[in-house]
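FYI, it's all coordinate maths here, none of it is from the lab. Quick caveat: nothing in here was measured; it's all calculated off a predicted structure. So basically every Cβ, Gly included, is an ideal-geometry build from the backbone, and we count neighbours across all protein chains shown.
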Amino acid sequence: MGKIISLAHGDGGELSHRLIKDVFVKIFGNNEESLFDASVVDIPGSLAAVTTDSFVIKPIFFPGGSIGKLAVAGTVNDLAVSGAIPLYITCGFVIEEGFPISDLKKIAEDMAEEACKAGVKIVAGDTKVVERGSADGVYINTTGIGAYSRSFGNRLSFKEGDAVIVTGTIGDHGIAVLAARGDLGINVPVKSDCASLNKMLDKVYQNSEGVQIVRDPTRGGVATALVELAEDFSLDILIKEELLPVKDQVHGMCDLIGYDPLYLANEGKAILIVSADEKENILEILTCFPEGKDSVVIGEVTGTEKGRLLLETPLGSKRLLSRLAGTMLPRIC
Amino acid sequence: MLELLKQSSNPEICRPLAEAVKEKAKEYYRVHGRKPAFMEVCGSHTMALARSGVKQALLNEVNLISGPGCPVCVTDQKSIDAMIALAEGEGRIICTFGDMMRVPGSRYTLMSAKTAGKDIRVLYSPMEAIKIAEQHPDKEIVFLGVGFETTIPILSLLIGEADQRGLGNFSIWMATKLVEPILRYLLDQGETQIDGFLLPGHVSIVLGEGSYSYLADEYNISGVITGFEPAELLSGIYKLIDIAASPEAKILNDHKSIVTKQGNIVARKWMATYFTHCDEAWRGIGIIPKSGLDFKPGYERYNAKKRFNVRMEEPRKTKCRCGEVIRGLVSPNECSLFGKACKPLNPIGPCMVSAEGSCSAYYQYMRESI
Amino acid sequence: MCVGVPAKVVEKNEFMAVVDVMGSTTNVGIIFVPEVQTGDFVIVHAGQAMSIIDEEFAMESVEEWRKLADARTP
């Protein structure tokens, strides 16, 4: 893991995994809860789901969203994919001295708008300002609280033949933000997919008993999220390259700089593992929503032993996928 | 045209093509009593073969050996140590391709130097380095020049541009490599039994089809210039089996849509303007005469090696067998460090660092029989 | 050895061109392919166009693959 924190500790890949496992999970001692994006806590009288997340992004405003929209949607999605109904959000801002108030207003407006869309209330907040140079613009930390409605991830319920669904094109957020930074001089007419998914997912939960588990493939991308699912529940998952929904523009940019869409961040997509007999029904529900209109099956559970993710290439060969190993860097070879 | 280009990865073409290659290889087996063994010279080939699943599909029929064509993998450890030492000096901005960031020197990587606060910038287009040099006249800008003949002309452009703009704060640390000397070296050693070469599609853009005649004429070994998409790889292998079976060696261009007979003469002129051949150290191999490039007289002021006094000790030895891997003598999993002490996240040898390195490609795509 | 990507030239001046890679656009140098025309496809490596793609040869290759493939398809 190394002695000091490096950028790679924050990219959702192997180092992030180890940092969380070796530091936070170990020290906080919440092994079981750590499998989910939100924890369920026992409040006398009822059950609530709780999640927390921090948002740091460059640039703060990007095509398709801003740090504010991202903070709300990201928190809402962590609750929603855990099977909870998001209700309340708290937010803490760390702001760099000199940050324009107008920008802060825009961010707050984006948050309010997204909260309204998602049907959640922002109920508490806090701001701290740090010296110029001690932070990069603004950081937001949130807590999300939801009504706990149902549980997922029963180890015994997964079956061979369960379908893996992704709710739309992958890598849009990662590429949109990378392009918006401008360092690479590449124009990509793709917006971040940043969106709250709770209404769509709730509709699925209401109308189907077939959902085994849901994840949001944010940092580390679809591959990392699926590797984690495979390992956490000892699933053998096989996805097919031909079935992966990738926008041409995203594909093009990835080719140019040597990136893999499977490892790019998404902020408005969910991965669902569902029982084979319910997959058509669930797809039908998902595709009725604008944020799920491109939902497709990308693969299936092929076993419940080995805990690994395989990719079948168009040629029919299979290869093993791992977590993102270190930050992706543009490469020439 | 786009539709045409897409055909190169069309499964309806690639799957039967793979079957055709297998049959061709079996025919070879019947005649010669063994599988055909080919070396893909180029690291991007290694990567593409693994990523597309071509290597897996042909696992039982064709022995594909990864060659020395990953610029990161063949960069001498001492040279990497020097690059890192260079980055540690004050008042410098080091510009590099992303590929170099995780290559381990004796103690650190450029990535760890960056984490420790050094100004190291990853560029996609090297020309950005010129802009950076103009924006920071008070700093020394050093570009880490790695690559083969596809990349070298672009480094020449950098010098041309710096010269034209009169930049006094720009230089290149040259660690580039040339294809012909390393192929000759491999063949002269005679350690590796190969029946033919898959020749690098993109390097050949610059060098041209005609540049490989020495393989057939002097060494009696065949080669096929091959592209990187699945159908192109399969077609190249198919043709290589075909000509490897015939008694007379020859060079075939199976990537005519981008590789011409004479290559890119303009690009080669740019190279020749600024650079001249020099002896160069290859990781795990040692010095190969005239296998690298140095500045021509008159342009030495752009030579970072002259500009900065960086002296490096000989690096400590590890059990890393990258040197043998890139010569095709052992396969990655025969190294005792592979997959244990040496993984993509903590690479010991450079073949594990670059995504196109033989070990990394093997680790990511071939590790388990699936 | 080197990543190279096909891109379509959509605009050009003396030394630079705007190219389109499946809908993403970027500026590349065209010093090594002085004869390039708008509409041509080029192979881009590290921000420079290195070669112009010859459509006839590309077509020839596809036909060749199809022939080989068809011979295998029952």
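Loop only per DSSP, at most 16 neighbouring Cβ atoms within 10 Å: give me the GluC sites (Glu not before Pro) in the range B:272-361, ordered by residue number. Can you show the working numbers first?
On the way: sites: B:GLU280, B:GLU300, B:GLU313, B:GLU324, B:GLU334, B:GLU356; in loops: B:GLU313, B:GLU356.
Those that pass, being in a loop and sparsely packed, are B:GLU313.
Only helices reaching 15 angstrom along their own axis (Cα) with mean Kyte-Doolittle hydropathy no lower than -1.0 count here, and for the DSSP H runs of chain A these are A:67-81, A:101-118, A:221-232. Taking the fewest neighbouring Cβ atoms within 10 Å as the starting point, the ordered list for B:LEU215, B:LEU199 is B:LEU215, B:LEU199. Cα centroids of the range B:1-76 and the range A:285-333: how far apart, whole angstrom? That distance is 23 Å. Please give the average number of partner chain Cβ atoms lying within 10 Å of the Cβ of each residue in A:256-264, rounded to a whole number. That works out to 4 on average. Under a Gaussian network description of chain B, with springs only between Cα atoms under 10 Å, the residue in B:TRP282, B:TRP173, B:TRP270 that fluctuates furthest is B:TRP270. Bridging of B:LYS131 to lysines at a Cα separation below 18 Å is possible for B:LYS139, once same-chain residues fewer than 8 apart are set aside. For the pairs B:LYS55/B:LYS177; B:LYS319/B:LYS343; A:LYS58/A:LYS191; A:LYS191/B:LYS6; A:LYS269/B:LYS6, note any where the Cα-Cα span goes beyond 19 Å. Going by Cα-Cα distance, B:LYS55/B:LYS177; A:LYS191/B:LYS6; A:LYS269/B:LYS6 fall outside the 19 Å limit.
So what is the relative contact order for chain B, in percent, with contacts set as C-alpha pairs under 8 Å and at least six apart? Let's see the in-between values first.
Numbers: 701 pairs, mean separation 82.6, N = 370.
Computed over chain B, the figure is 22 percent.
For the range B:96-172 and the range B:314-361, what is the separation of their C-alpha centers, rounded to whole Å? Using only Cα atoms to place each centre, the spacing works out to 26 Å.
Calculated mean residue ellipticity, 222 nm, chain A: -8000 deg cm²/dmol, from DSSP H runs (n ≥ 4) at -39500 (n - 2.57) each, averaged per residue and rounded to 500.
Close amide H pairs (under 5 Å, H built 1.01 Å from N) link A:ILE332 with B:GLY98, B:ASP99, residues at least 5 positions away or on another chain.
In the structure displayed, which of A:LYS203/A:LYS293; A:LYS106/A:LYS293; B:LYS118/B:LYS340; A:LYS203/A:LYS279 lie more than 23 Å apart, Cα to Cα? Let's see the in-between values first.
Values: A:LYS203/A:LYS293 14 Å; A:LYS106/A:LYS293 29 Å; B:LYS118/B:LYS340 30 Å; A:LYS203/A:LYS279 14 Å.
Violating the 23 Å Cα-Cα cut-off are A:LYS106/A:LYS293; B:LYS118/B:LYS340.
A cut-off of 5 Å between modelled amide H atoms, ignoring neighbours fewer than 5 places along the same chain, links A:ARG308 with A:LEU235, A:ASP236, A:ILE237. Within the range A:52-134, none of the chymotrypsin sites (Phe, Trp or Tyr not before Pro) combine a DSSP coil assignment with at most 14 other C-beta atoms in a 10 angstrom radius.
Round to the nearest 0.05 the FRET efficiency obtained for A:LYS293 and B:ASN309 when R0 = 60 Å and r is the Cβ-Cβ distance.
On the way: r = 62 Å, r/R0 = 1.03.
Once rounded, the FRET efficiency stands at 0.45.
Note: relative contact order over chain C, using C-alpha pairs below 8 Å and six or more positions apart, is 26 percent.
Would you mind ranking B:SER106, B:SER171, A:SER66 so that the residue whose beta carbon has the fewest other beta carbons within 10 Å leads the list?
Details: B:SER106 15, B:SER171 28, A:SER66 22.
Arranged by neighbour count, lowest to highest, B:SER106, B:SER171, A:SER66 become B:SER106, A:SER66, B:SER171.
Listing B:LYS340, B:LYS35 from fewest to most neighbouring C-beta atoms within 10 Å gives B:LYS340, B:LYS35. Here C:LYS67 is the anchor, and the aspartates and glutamates within straight C-alpha reach of less than 20 Å, apart from those fewer than 8 places off in the same chain, are B:GLU3, B:GLU12, B:GLU19, B:GLU23, B:GLU27, B:GLU229, B:GLU232, B:ASP242, B:ASP254, C:GLU55, C:GLU56.
Quote to one decimal, in nm, the extra length available between B:GLU334 and B:LYS261 on full extension: 0.36 nm per residue of separation minus the C-alpha distance between them.
Numbers: separation 73, 0.36 × 73 = 26.28 nm, distance 3.92 nm.
Separation in residues times 0.36 nm, less the Cα-Cα distance, equals 22.4 nm.
For the range A:37-148, what is the percent of antiparallel DSSP beta bridges, rounded to the nearest 5? The antiparallel proportion sits near 75 percent. Name the residues whose placed amide hydrogens come within less than 5 Å of the amide hydrogen of B:PHE275, ignoring near sequence neighbours (fewer than 5 apart) on the same chain. Answer set, sorted by chain and number: B:LYS296. Between B:HIS32 and A:GLU96, what is the label-point separation in nm under the 7 Å Cα-to-beta-carbon projection? Placing both labels 7 Å along Cα→Cβ, they lie 6.0 nm apart. If you find the alpha carbon centre of the range B:222-270 and of the range A:131-191, how far apart are they in angstrom? The two parts, judged by their Cα centres, are 43 Å apart.
Here is how the number arises for chain B: DSSP H runs of 4 or more residues each give -39500 (n - 2.57), the sum is divided by the residue count, and the result at 222 nm is -11500 deg cm²/dmol.
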